[in-house]
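Below is one structure, written out as structure tokens; the observations come after it.
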Amino acid sequence: MKRIGLLTSGGDAPGMNAAIRAVVRTGIYFGMEVYGVECGYAGLINDELIPMSMRSVSDIVQRGGTMLRTARCLEMLTKEGQQKAVKTLKNRGIEGLVVIGGDGSFRGAKVLSEEYGIPTIGIPGTIDNDLAYTDYTLGFDTAVNTCLDIINKLRDTMTSHERISVVEVMGRHCGDIALYAGIGSGAEIIVVPEVPYDMDDIVMRINRSRANQKHSNIIVIAEGVMSATAFAKQLQEVTTYSVRPTTIGHVQRGGSPSMQDRMLAAQFGNKAVRLLKDGIGNRVIGIRDNHIIDMDIIEAVSMKKKFNFELYNTLQMISM
Ligand code: F6P
């Protein structure tokens, strides 16, 4: 393979830039030409491509966001959009494509490989950690660390005022950000889409902690359940402690990637290009049990994410 393309798609995630750098540099290492597609699949459909060089990816390893920009592209769901995207690739002589993104982006990649025979490799880039086939997605670790930083600050003020903080984190339908941020911050309670909540039990846990000299409570709620404001309103009706909602929002999507995300980015990007170099497409890269893996894209997107109940139970036992 002599010429490959690269795009970032869907919501951005810290570490996407580091992965772009790894893809470009590995491609150049193997004597390939690498083209960056701007604004995800929309750029592919509209033929917005830029040649990438060793230096065009300098000074980005530490930056959040994506230098190629990104978009959620509804046109890629249509036959017409897909055909335009394929036409761009053919006209440009691009023989293989790397797609960095989440679930929706992988569906586009699956169509390109399965229906149009374009060798495509998916790199999991999303803060949500909602892809079943990989233990971690790129950006998750940084996003959770950002949440921890904010929850630490909330704990200070909640303790001073003896309040309850309800903190909403992202994750779409997945509770992993809430789970990890909850454990890492010492939150007393997490509310996730995977486990139905019981308000009586939550109030009991709060009262028990207060009886044991605790002066504040943190409840981390995943956006997939409801908003922090709505939950705080429900809780305030059944407790005399003062409740305050906070929505962390898009802050958790930005920022310099953590060591873990930079390491994943380097390895994911490198592996993706090594597969293309060997003429292998239609795969996604991931990490399982600390090993970088690749698997069939169709199989990967059809897998159902399992919630980590062991971690959930750990939180229940140690947060009081
Ligand atoms: O998929 C990443 C994510 O940040 C989700 O956690 C969240 O639900 C969604 O994207 C927000 O999307 P947008 O940035 O388009 O509002």
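The values are calculated or read from the model by the stated rules, or taken from the named source; none is laboratory data. Small disclaimer: the values here were computed from a predicted structure and weren't measured. Positions of Cβ are backbone-derived with ideal geometry, glycine not excepted, and every protein chain shown enters the neighbour counts. Surface accessibility is based on the protein's heavy atoms, side chains included, excluding ligands, DNA and RNA. Shrake-Rupley method; radii C 1.70, N 1.55, O 1.52, S 1.80 Å.
Within region 80-95, the presence of a residue that is modelled with pLDDT of 95 or more and within 16 Å of the ligand (Cβ to nearest atom) is excluded. Among the residues making up region 251-265, those that are surrounded by fewer than 20 Cβ atoms within 10 Å (Cβ to Cβ) and either aliphatic (A, V, I, L, M) or without any contact (Cβ under 8 Å) to a residue 60 or more places away in the chain (or both) are V251, M259, M263. Among the residues of region 11-50, those identified as surrounded by fewer than 24 Cβ atoms within 10 Å (Cβ to Cβ) and within 16 Å of the ligand (Cβ to nearest atom) are G11, C39, A42.
Exactly one residue out of I190, I121, I127, I177 is part of a helix (DSSP H, G or I), buried (at least 24 other Cβ atoms within 10 Å of the Cβ) and either modelled with pLDDT of 95 or more or more than 16 Å from the ligand (Cβ to nearest atom) (or both): that is I177. With respect to the numbered conditions (1) without any contact (Cβ under 8 Å) to a residue 12 or more places away in the chain; (2) in contact with a Phe, Trp or Tyr (Cβ under 7 Å, 6 or more places away or on another chain), which one is the sole condition not fulfilled by D149? Condition (2) is where D149 drops out.
Within region 7-57, the only residue that satisfies the criterion of being part of a strand (DSSP E or B), under 18 Å from the mean Cα position of the chain (by Cα) and hydrophobic (A, V, I, L, M, F, W, C) is L7.
Which condition number in (1) closer than 23 Å to N313 by Cβ; (2) in contact (Cβ under 8 Å) with a residue 12 or more places away in the chain; (3) open to solvent by 10 Å² or more (accessible area, probe 1.4 Å) is the one that S242 fails? Of everything listed in (1) closer than 23 Å to N313 by Cβ; (2) in contact (Cβ under 8 Å) with a residue 12 or more places away in the chain; (3) open to solvent by 10 Å² or more (accessible area, probe 1.4 Å), S242 misses just condition (1). Among the residues of region 165-174, the one identified as under 17 Å from the mean Cα position of the chain (by Cα) and either away from the ligand (no atom under 14 Å from the Cβ) or more than 19 Å from N145 (Cα to Cα) (or both) is H173.
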